[in-house]
1. Can you name the residue in the stretch 2-27 that is in contact with a helix residue (DSSP H, G or I) (Cβ under 7 Å, 6 or more places away or on another chain) and within 30 Å of A211 (Cα to Cα) and, of all such residues, is surrounded by the fewest Cβ atoms within 10 Å (Cβ to Cβ)?
2. On the basis of being within 13 Å of the chain's Cα centre (by Cα) and charged (D, E, K, R), does D158 make the cut?
3. Which one of these does E343 not meet: (1) without any contact (Cβ under 8 Å) to a residue 40 or more places away in the chain; (2) over 30 Å from A99 (Cβ atoms); (3) part of a loop (DSSP other than H, G, I, E, B)?
4. Within the stretch 214-234, is even one residue among the β-branched types (V, I, T), buried (at least 16 other Cβ atoms within 10 Å of the Cβ) and within 15 Å of the ligand (Cβ to nearest atom)?
5. Would you check if V24 is β-branched (V, I, T) and within 18 Å of K254 (Cα to Cα)?
6. Open to solvent by 70 Å² or more (accessible area, probe 1.4 Å) and farther than 30 Å from S364 by Cα - does that describe any residue in the stretch 93-106?
7. Collect the residues in the stretch 46-82 that are within 11 Å of the ligand (Cβ to nearest atom) and either within 13 Å of the chain's Cα centre (by Cα) or open to solvent by 10 Å² or more (accessible area, probe 1.4 Å) (or both), keeping them in residue-number order.
8. Looking at the stretch 108-133, which of its residues are in contact (Cβ under 8 Å) with a residue 40 or more places away in the chain and more than 16 Å from the ligand (Cβ to nearest atom)?
Amino acid sequence: MDEPAPAPVPFHAPWFDERELEAVRQALGVRVAGDGPFCRRVESLLAERMGAGRVLLTTSGTHALELALLALGVGEGQEVVCPSFTFVSSANAVLRVGARPVFAEIEETTLGLDPADVERRVTPRTAAILPVHYAGVAPDMEALLDLARRRSLLVIEDAAQGLAAAWRGRALGTLGDAGCLSFHETKNVTCGEGGALVVADPEIARRAEIAREKGTNRAAFFRGEVDRYTWVAEGSSYVLSDILAAVLMAQLEKLDAIQARRASVVARYRRALAGWAAERGVRLPPELPDRTPNHHIFHLMYPDERRRDEALRVLRARGIAATFHYVPLHSAPHARAMGVSAELPVTDRVAGSLLRLPLHPLLSEEDVERVVAAVRETGA
Ligand SMILES: Cc1ncc(COP(=O)(O)O)c(C=O)c1O
C-alpha cells in the first residue's frame, strides 16, 4: 500500500493557546466595545516597547493608514509617493482620503522605496512619502527622512509588517510623522484583524482619536475631560473591540517567545540553504547591520521568473505552501483604471523572482527539513 502523503506545511499559522482564551474570557466579563481596558493596556505596552509617543489601536492596518492620512490632513488634490511593490492597502488608503498615489521604484536590497526615484516623482502636489517596511526591513530611511525635510513632506510609515523590527535601534513605525501596524492573521502578532496608529505629536494623536471615534470627543469624555461627548469633526469607526485587544494582549505577552521561534526557523533556513543559494544564483534575504530583523518573511530571489514559477510548482507539489509577492500595484487593473500606472522595471523584476517560504512559530523541525529538501530540488 502507498504511504499516506504527509500533511501540508502551512505558510502561516497563529500561535494561540489557553492564554488568548483566558484573556478573551476576562474581556467578555468587563467591556466588549472599543477603547476599553484591554485596548488601553495594549496601547501603553506597545508605546513603551516601541518608544512611541502614542499608540491607537484600530480595526486593521488598512484603517490605521486611513486614520494617519486623515489625522495629518492629507486629501483632495494632493499626491502621496509610495511603492508599487506593496499590499493594496498602502495605495487604497491614499485613494480613500481623496489623494492620488504615485508609485516609485524600490531598492534591490531592502525592497523598500528608492530615495532617488522618490525624489524624481515629487511635485508641488506631493504631501507625503509612504515607505513600506517590506518583511520588517526599513529602506534607506536616512535619505527618505532627509528628502522629506528638504521638501517639507510628511512621512507615513506602512509598518504593517514591522512590529519588533528596528532601524538604527529605533522601532519601525516611530521614524516618521505616523506609523501604521497590522495585526492581521498573517502577522507576527495577531488578533485576526486589527492594527495600530503610532504618532509622536499629541495634537495629531488628538485628531486621530476623534476621527477613530466617529468624529466625537468620546475618548476625552472617558478620561473625564468633558462632561458629555459630541460630534466635533468628520470621522469614522476605527476602534478595535476589547475582545480582540484581549487576544492582542496575550500575544504581546508572548512576543519574545514568538520571535525566538521565528528566529530559529530563519537561522535553520539560512544554514541549510546558503550553499545551495550561492550555487544557483538565488539570493537570501539581506542581513544589514543597522536593521534589527523581526523574521516576518523569509524570501528567496530566483534569477528569473521561469525558475521562480517552477520552484513554486515543485514546492506546492511537495505539499509546501510557498507563495509569491506581489502583483505590483502599478500593473494591476485598478491602477490602469485610475490612470496611476508607471514604468518600474526593478519592481517588475523583484515581483517576478520572489518566493516566500513558510515561516511561523508552529513549524516543527520536520516541517523545516521538508521545506529545505524541496527547495534544494529547485533553481536549476
Ligand atoms: C504592507 C502592508 N500594508 C498594509 C497592510 C494592511 O493591513 P491589514 O490587513 O491589517 O488591513 C498589510 C497587511 O495585510 C501589509 O502587508
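1. Q26
2. yes
3. Looking at each condition in turn, E343 falls short on (2).
4. There is no residue in the stretch 214-234 that is among the β-branched types (V, I, T), buried (at least 16 other Cβ atoms within 10 Å of the Cβ) and within 15 Å of the ligand (Cβ to nearest atom).
5. Judged against the criteria, V24 is a match.
6. Yes.
7. Hits for the stretch 46-82 are T59, S60, G61, T62, H63, A64, L65, E66.
8. Once the filter is applied, which keeps residues that are in contact (Cβ under 8 Å) with a residue 40 or more places away in the chain and more than 16 Å from the ligand (Cβ to nearest atom), the stretch 108-133 yields E108, T109, D114, R121, V122, T123, R125, T126, A127.
The values are calculated or read from the model by the stated rules, or taken from the named source; none is laboratory data. What you are looking at is a predicted structure, and each value in this text was computed from that prediction instead of being measured. Heads up, the Cβs are rebuilt from the backbone with ideal geometry, glycines too, and the neighbour counts pull from every protein chain shown. All accessible areas refer to the heavy atoms of the entire protein, side chains included, with ligands and DNA or RNA removed. Shrake-Rupley method; radii C 1.70, N 1.55, O 1.52, S 1.80 Å.
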